[in-house]
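The values are calculated or read from the model by the stated rules, or taken from the named source; none is laboratory data. All figures in this text were calculated on a predicted structure; none of them were measured in a lab. Positions of Cβ are generated from backbone atoms using ideal geometry, with glycine treated the same way; all protein chains shown enter the neighbour counts. Protein only, heavy atoms only, side chains kept; ligands, DNA and RNA dropped before computing areas. Shrake-Rupley method; radii C 1.70, N 1.55, O 1.52, S 1.80 Å.
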Amino acid sequence: MQGVSQGWKDNQKQTIVSESFVELVYEIGDPDSLADTSAADNGAEPFSNTALTVNEIDENMARYAMFEKNLWKMDGSMKLLPETGPYTGTGYVGNKICDDDGLFETNPVITVTFSQVYSKLIPGITIRWSEAYGDYADTFKVTAYNGTNEVANTTVTGNTEPIASVPLDIINYNKITVEILKWGNPNRRARIEEIFVGVKRVYGKSDLLSYQHSMFVDLLSAKLPKAEIKFSLSNVDGIFNPFNPESESRYLMERQRIIVKYGYKINGAMEWIKAGGFYMSEWDTPQNGITASFTARDLLEFMSGAYSGPLDNTSLYDIALAALTQAHLPRNRDGSVKWVIDPSLQSIQTGTVVFQGNKEPTIAEILQMVANAGCCVMYQDRNEKLHIEPMNAMLTDYTIDRFNSYSNSELKLSKKLKSVNVNKGAAVVENDTDGEVQNVDNPLIPAVQVAAVGQWVKDTLKGRMTLTGEYRADPRLDALDEVTISNKYADSTVIVTDITYTYNGAFRGKYEGRSMDA
């Protein structure tokens, strides 16, 4: 469950909640080049951190008092720079102050480099100068190179915004420079918070014609998890028409990233939470249509290829690591990986692995089997990180009751569990004298692990009740959250396994979960 303020929680207890918002940031760029960026400058203050401008570090930009003209207001809104580092929240800060006309003795230049030449077309770059200070470059030049050869350039004049989206078709490049020719305010240092190699499009609630966010996690890793969004935008002006020469459809490609957040206006201020990061999977932009529809999914979108790594006499941890490495997942901009593999899997060794019918499993299926064999759940969190780890659900403070539910939950009882049969009799764990037998067939489960897997499956399935319903959704709720579902007869402790949010000016949700009550 996403952490929120008490004001957010109190807002959800109102009969009519305050105004809600959805915001999508669509990154139009090449995911491969974005993961291969580094940045340098031709002169910066010691507390500057130019490298972070391309690494998408999620940190709040600080407002330090720099003794620049008309910048330091002694109202407590700024703080003094610490005497020693490491310094945070600075981005790039140039070591020269411009003159009364905004001109520098030597023009500041930021150089973004790549380890190879990238040939996919990108529509420009986006520069966030300094939202923290409300500062910006008035005139600047963007140039793309292939080695020493210039492949594209443009000069922007008269800019007055802290965020500049620079349209420029760039292809076959391995270096991009941003040269500041004139700063917007006199007697200031040049500042840059972020350089995004591509163009960011921001779509708010007024732009979305439809929106849906669904999450699913199987408690036994018997099915692949899912995190997915579907949304549609207006195409009346032909911006996504594939036959329009100015159409943005020419920039659409798989794996482009979409970042989503949800918010409420609480006590006059906005409070946002992450909804997640997703990767473009499908789009429908008909020539004669008035809408364009898009589907973006989680990291499993990268894992449809056949697994080719080690299997026999290998730890489950190493198999998972090999699969994730083979998938060539995008990394975080700071270079860190987008996964968590529980260390307990290092101690579980496979034997000789044989798949029925000699079927080659996909990378995603191998990870699912690893999770199942290790008694783990597999899911992607809202920070775009894929987890394979034992479930550690804790009861939250969230309740679905008659106040926020459109109707009482529907109850479904599964058949009584008699026993769990793992790998065709390698282990049989008894639960009752009659009922159905749950079969588990997973060639990655070694002989020493079959009894543990059987017991884990039994403990998960012995609660026979599944609850489903519709409610006025609070979008902080995630799959695998343990919540209380209340009706006039009883309260049930439920682990949510499936949840869907729809947004049409307000949030509405559907949920499904398994009761943990005996």
Problem - Filtered residues of the stretch 484-501 (kept if closer than 20 Å to Phe403 by Cβ and either in a loop (DSSP other than H, G, I, E, B) or among the polar types (S, T, N, Q) (or both)) - result: Thr484, Ser486, Asn487, Lys488, Tyr489, Ala490, Ser492, Thr493
Problem - Subset of the stretch 1-51 [of a type outside the set (A, V, I, L, M, F, W, C), closer than 30 Å to Met66 by Cβ and either touching a Pro at 6+ places or on another chain (Cβ under 8 Å) or part of a loop (DSSP other than H, G, I, E, B) (or both)] - result: Asp41, Asn42, Gly43, Glu45, Pro46, Ser48, Asn49
Exercise for the section: Tell me, yes or no, whether the stretch 81-93 has at least one residue that is touching a Ser or Thr at 6+ places or on another chain (Cβ under 9 Å), within 16 Å of Ile192 (Cβ to Cβ) and part of a strand (DSSP E or B). Expected result: yes
Practice task
Could you please tell me which pairs satisfy a Cβ distance under 9 Å, a separation of 6+ or placement on different chains, a first residue in the stretch 457-468 that is in a loop (DSSP other than H, G, I, E, B), and a second residue that is among the aliphatic types (A, V, I, L, M) and surrounded by fewer than 17 Cβ atoms within 10 Å (Cβ to Cβ)?
Solution key: Lys462/Ala518; Gly463/Met516; Gly463/Ala518; Arg464/Leu413
Practice task
Select, from Ser115, Ser130, the only residue that is in contact (Cβ under 8 Å) with a residue 60 or more places away in the chain and either over 20 Å from Pro31 (Cβ atoms) or crowded, with 17+ Cβ neighbours inside 10 Å (or both).
Solution key: Ser130
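Name the residues in the stretch 212-227 that are of a type outside the set (A, V, I, L, M), in contact with a Leu (Cβ under 8 Å, 6 or more places away or on another chain) and surrounded by fewer than 22 Cβ atoms within 10 Å (Cβ to Cβ), would you?
If the condition is that a residue be of a type outside the set (A, V, I, L, M), in contact with a Leu (Cβ under 8 Å, 6 or more places away or on another chain) and surrounded by fewer than 22 Cβ atoms within 10 Å (Cβ to Cβ), then Asp218, Lys226 are the ones that fit.
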Completion exercise
Considering the stretch 134-156, residues that are of a type in the set (S, T, N, Q) and open to solvent by 40 Å² or more (accessible area, probe 1.4 Å), and then whichever is modelled with the lowest pLDDT, we arrive at Thr148
Fill in the blank from the handout: Scanning the stretch 184-198 for residues that are buried (at least 18 other Cβ atoms within 10 Å of the Cβ) and farther than 18 Å from Ser38 by Cα, the one farthest from the chain's Cα centre (by Cα) turns out to be Arg188
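From the list Val437, Val453, which one is more than 20 Å from Ile348 (Cβ to Cβ) and either touching a residue at least 60 places away in the same chain (Cβ under 8 Å) or open to solvent by 50 Å² or more (accessible area, probe 1.4 Å) (or both)? Explain how you work it out, then say what you get.
Values: Val453 fails: more than 20 Å from Ile348 (Cβ to Cβ).
Among Val437, Val453, only Val437 is more than 20 Å from Ile348 (Cβ to Cβ) and either touching a residue at least 60 places away in the same chain (Cβ under 8 Å) or open to solvent by 50 Å² or more (accessible area, probe 1.4 Å) (or both).
Residue-wise test of (1) assigned to a strand (DSSP E or B); (2) over 22 Å from Thr468 (Cα atoms); (3) of a type in the set (Ser, Thr, Tyr).
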residue: Asn372; (1), (2), (3): no, yes, no
residue: Ile388; (1), (2), (3): yes, yes, no
residue: Met391; (1), (2), (3): no, no, no
residue: Thr396; (1), (2), (3): yes, no, yes
residue: Arg402; (1), (2), (3): no, no, no
Practice task
Would you be able to say whether some residue in the stretch 415-434 is modelled with pLDDT of 90 or more, within 34 Å of the chain's Cα centre (by Cα) and either loosely packed, with under 15 Cβ neighbours inside 10 Å or on the phi > 0 side of the Ramachandran plot (or both)?
Solution key: no
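What number of residues within the stretch 228-259 satisfy the criterion of being outside any loop (DSSP other than H, G, I, E, B) and open to solvent by 60 Å² or more (accessible area, probe 1.4 Å)?
Of the residues in that region, 2 qualify.
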Practice task
Hey, could you check the stretch 260-298 for residues that are in a loop (DSSP other than H, G, I, E, B) and touching a helix residue (DSSP H, G or I) at 6+ places or on another chain (Cβ under 9 Å) and say which is modelled with the lowest pLDDT?
Solution key: Thr285
